[in-house]
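To start, the structure itself, in structure tokens.
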Amino acid sequence: MKGWKNLFREHILERGRNYYYDGAVTEFQKTKNGYRAIVEGTEDYEVEIEIEEGNICDMYCSCPYAEDGNYCKHMAAVLYKMEETEGEENEIEETWMERRIRASKELEETIEKIPEEELRILLKELAEQNDEIYNMILTRYAVRIDEKQMNRLKQEVDNIVYQYGDRSGFIDYRNAWDFTSALQDFLNENVETLIERNCYLQAFEMTNYVFKTIGNIDIDDSDGGTSYVADICYEKWKKILENCNDEEKNKLFSWFLSHQGCGYVIDYMEDYMEEFLMNEFQNREMLERKLKSLDEMIEKQKSSTDGGSTWSVHYGYQDNVLKRLEIMKKLNYSDEEIKEYRKKNRQFSAVRKLEIQENLACGNINQAIEILQESKNLDIGYPGLISEYSKQLIDLYEKHFDKKAYKKELLFYIFECPQNDLVYINKLKAICTDEEWRKYRERILESNKNYYIQYPLMEAEGLYERMLENMKNELFIYRLDEYEKVLKKIYPEQVRDIYISYLYKESERSSDRKRYKEWMRYLKKIKGYPDGKEKAKEIAEKWRAMYYRRTAMMDELRKAGF
């Protein structure tokens, strides 16, 4: 299958290659007419490639970019995966790498041959024709970075917005990734150069300018590029703070302090600034301010056993009580003061979790078990915590051969806590008689808390007929899709009929092209079952007769070969 790369724009092809190398292509499988896969990203997208006589005859992806008839990065990723399965992976890698190396070597050899005076003239001409080259030269080699040069750099950022935005400045999803990538490149090239030249305040000013730009731009950010740019801004702030002198640090501190909640950027982007202020400045004044802020938040939680958490865009959720204890250490509070604070606030689960960890580390197993049992009662309103405590108890009882307590805790965990897999259910089965297990299994299958593991359990137990009956009453078809392989072998006609029933029910209401394409996939799927070709043809004919006004649906029927 040659020449498929010519179907894609270069930057789309590169993104597809990155997705492929990152292992984003999953559930990859060969179909009758080609290949099907899921490509994981900010969302999971379905991709189908149809091949005829070694050539691509059709491609489909559920992403918005492909819906407009474009060949997208997800398609490219699957095509790279297809070449891998056909034993051409090394050829891909070598061809691409060889081309890059050869081009770089050729350029280097040519530049070496240019006389120095001509090289200077050529560089001057290129700089006068290209603002980016002009800025790069001045940023790297000018004696000092003055206000005029700073304005040129800001203009370069503005040009990036103009290049990728429409007349109103909106960046649509087709240009969003290229736009955010251009800003990332600007930060990593120009701001990094300023840092290398020890121009820390100028680097800080330019980082802020990019951050303000990305923090106020009207953009369809489907790929999450805004967060990537904000993350790089955070890293630049951090690098500047680590390297600048005390006077410059005070200026940075004052800037962040004065820009809290002032509308400098849209609301969620302000979290980056607040977090930097709270986490990166470690002088005593700032730490004491953090302490006071945390105390106010913890005080509001006094009626519960949860001290609350502070969301950090850089570190995730951080428990307020644990954060408070950490700051106490940084402020050189005595061990006795820290111990007293913990004792006073023992109603919070975070403090008891510390006690559990410390007792386990010291080998005080009985004490750890006692605190875990106590915590199950104290934190009764928090199912996630109860589940966590129960699993810890199960592990401790299992390791220390307390069979009675082990079984009792397993039963508690299985019937009182939602199950996500069969791990603990299999543990229970292993210590039960056959009669006991059948009774427990029935309770598990009838429990609403165990809905997510009912089908895996039925499959593990070989209850295929029961599984099929349950499928008939499911609201969503994805359950049948998940177990189609195993059920198709045993009950092919029944599985086929469920899919047929699903299509008739779905088609009763008009939908969009994306949905119609999904129906076509099921129509093709039905063809693989006994009498499936006739059944699928019958459905298609009825649809043509009943829904001829749905032009998109009729178009998709035609594309699907019906």
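Yes/no per residue for (1) modelled with pLDDT under 90; (2) surrounded by fewer than 17 Cβ atoms within 10 Å (Cβ to Cβ); (3) of a type in the set (D, E, K, R); (4) in a helix (DSSP H, G or I):
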| site | (1), (2), (3), (4) |
| --- | --- |
| 235 | no, yes, yes, yes |
| 241 | no, no, no, yes |
| 247 | no, yes, yes, yes |
| 282 | yes, yes, no, no |
| 296 | no, yes, yes, yes |
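The residue that is farthest from residue 16 (Cα to Cα), among those in region 160-180 that are in contact with a helix residue (DSSP H, G or I) (Cβ under 7 Å, 6 or more places away or on another chain) and surrounded by fewer than 19 Cβ atoms within 10 Å (Cβ to Cβ), is 169.
Summed over region 135-145, residues that are within 15 Å of residue 201 (Cβ to Cβ) and either loosely packed, with under 12 Cβ neighbours inside 10 Å or touching a Gly at 6+ places or on another chain (Cβ under 6 Å) (or both) total 1.
How many of the residues in region 355-372 are out of contact with any helix residue (DSSP H, G or I) (no Cβ under 7 Å at 6 or more places or on another chain) and within 18 Å of residue 321 (Cβ to Cβ)? First the steps, then the outcome.
In the first step, residues of region 355-372 are kept if they are out of contact with any helix residue (DSSP H, G or I) (no Cβ under 7 Å at 6 or more places or on another chain); the result is 357-358, 361-364, 366, 370.
With within 18 Å of residue 321 (Cβ to Cβ) added as a condition, the list becomes 357-358.
Count: 2.
Within region 1-42, the set of residues being in a helix (DSSP H, G or I) and among the basic types (Lys, Arg) comprises 5, 15, 17. Quick one: which residue in 505, 517 is exposed (fewer than 14 other Cβ atoms within 10 Å of the Cβ) and in the same structural domain as residue 545 (by TED's automatic domain parsing)? Answer to the selection: 505.
Okay, residues lined up against (1) at pLDDT below 95; (2) outside the structural domain of residue 27 (by TED's automatic domain parsing); (3) among the hydroxyl-bearing types (Ser, Thr, Tyr); (4) surrounded by fewer than 14 Cβ atoms within 10 Å (Cβ to Cβ):
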position: 417; (1), (2), (3), (4): yes, yes, no, no
position: 423; (1), (2), (3), (4): no, yes, no, yes
position: 426; (1), (2), (3), (4): no, yes, no, yes
position: 440; (1), (2), (3), (4): no, yes, yes, no
position: 447; (1), (2), (3), (4): yes, yes, yes, no
position: 451; (1), (2), (3), (4): yes, yes, yes, yes
position: 477; (1), (2), (3), (4): yes, yes, no, no
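Within region 1-26, the residues that satisfy the criterion of being of a type in the set (D, E, K, R) and either more than 13 Å from residue 74 (Cβ to Cβ) or touching a residue at least 40 places away in the same chain (Cβ under 8 Å) (or both) are 2, 5, 9, 10, 14, 15, 17. Number of residues in region 526-552 that are part of a helix (DSSP H, G or I) and without any contact (Cβ under 8 Å) to a residue 40 or more places away in the chain equals 17.
Where in region 371-482 are the helices (runs of 4 or more DSSP H), entirely inside, with at least 1 residues that are without any contact (Cβ under 8 Å) to a residue 60 or more places away in the chain and of a type in the set (Lys, Arg)? Write out each step before concluding.
Working: elements: 383-399, 403-416, 423-430, 434-446, 451-460, 464-472.
Counting at least 1 such residues, we get 383-399, 403-416, 423-430, 434-446, 464-472.
Inspection of region 320-339 identifies no residue that is outside any helix (DSSP H, G or I), surrounded by 15 or more Cβ atoms within 10 Å (Cβ to Cβ) and touching a residue at least 24 places away in the same chain (Cβ under 8 Å). Return yes or no: is residue 132 free of Cβ contacts under 8 Å to residues at least 24 places away in the same chain and closer than 20 Å to residue 204 by Cα? Criteria not met by residue 132.
The values are calculated or read from the model by the stated rules, or taken from the named source; none is laboratory data. From a predicted model like this one, the values you see are computed outputs, not experimental measurements. Backbone-built Cβ (ideal geometry, glycine too); neighbour counts: all protein chains shown.
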